[in-house]
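Asks: This is the structure, below, for whatever I ask next.
Each reported figure results from applying straightforward, stated rules to the coordinates on display, with no laboratory input. None of the values given here were measured: they were computed from a predicted structure. For neighbour counting, all protein chains shown are included, and Cβ atoms are generated from backbone atoms with ideal geometry for every residue, glycine included.
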Amino acid sequence: MDLRFALENETVADVGYQPPATVQKDETIQSTVARMRREKYGCILILEGEKFCGIFTERDFLNRVLGKENLNDRPISDVMTSKPTIAIEDIYIHEALNLLHKNGIRHLPLIDDQHRPVGTISVKRAVNFLADYHPTTVYNLPPEPETIPAARDGG
């Protein structure tokens, strides 16, 4: 199967997405960040009951929490991204890649038809998907792609 066909016909479910890491919107910032660190999550989806209402990412932590005082006991809803870019769970992979790129985001929350989170797809997973179609090109890149050797290696 070629890359174009895969991009146009495979969904994020075919590619594989992460199950959602979730917390309720009244969870504290401190406990949410501690969980993200402990479980190595790049983002966590915020719920109101069973419904998705926002996302909190590493970028949100850096921009809205780090260096600020007296935030630890505040609810995560105070610093989450409300109304983020989202997608339905059966979106085609090319559409998901477009949303990630166009919106400059690293994590795309996926929801079902009742607005409940089913997972996230990350830029990392998308790159791994693309690398599966071009492994030689991707895995043979030099450590610094902009560097051009002055002479050929070898004899």
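Asks: Please give the charge dipole size of the chain, origin at the Cα centre, charges +1 on K and R Cβ atoms and -1 on D and E Cβ atoms. Round to the nearest 20 debye.
Replies: So the dipole magnitude of the chain works out to roughly 520 debye.
Asks: Determine the alpha carbon to alpha carbon distance for each of Lys40/Lys68; Lys40/Lys124; Lys102/Lys124; Lys25/Lys51; Lys51/Lys83 and list only those over 19 Å.
Replies: Long pairs (Cα-Cα over 19 Å): Lys40/Lys68.
Asks: Another question, then. State the extension gain, in nm to one decimal, for the chain segment bounded by Thr22 and Lys124, taking 0.36 nm per residue of separation less the distance between their alpha-carbons.
Replies: Values: separation 102, 0.36 × 102 = 36.72 nm, distance 1.97 nm.
So the extension gain works out to 34.8 nm.
Asks: Specify which labelled value, from (1) 34, 22, 11; (2) 37, 30, 12; (3) 25, 17, 14, agrees with semi-axes √(5λ) of the Cα gyration tensor in Å derived from the coordinates of the model shown.
Replies: (1)
Asks: Taking every DSSP beta bridge that has both residues in the chain, what percent is antiparallel when rounded to the nearest 5?
Replies: 75
Asks: Please name whichever of Ala21, Ile121, Met36 sits farthest to the positive end of the charge dipole of the chain, dipole taken about the Cα centre and charges placed at Cβ: Lys and Arg +1, Asp and Glu -1.
Replies: Met36
Asks: Right, here's the next one. If R₀ is 30 angstrom, what is the calculated FRET efficiency for the pair Asp132 and Ile88, using the beta carbon separation as r and rounding to 0.05?
Replies: After rounding to 0.05, the efficiency reads 0.80.
Asks: Sketch the reach of a paramagnetic label on His115 as a point 7 Å from Cα along Cα-to-Cβ, and name the residues of the stretch 6-47 whose backbone nitrogen lies under 15 Å away.
Replies: Output list for this probe position: 25, 46-47.
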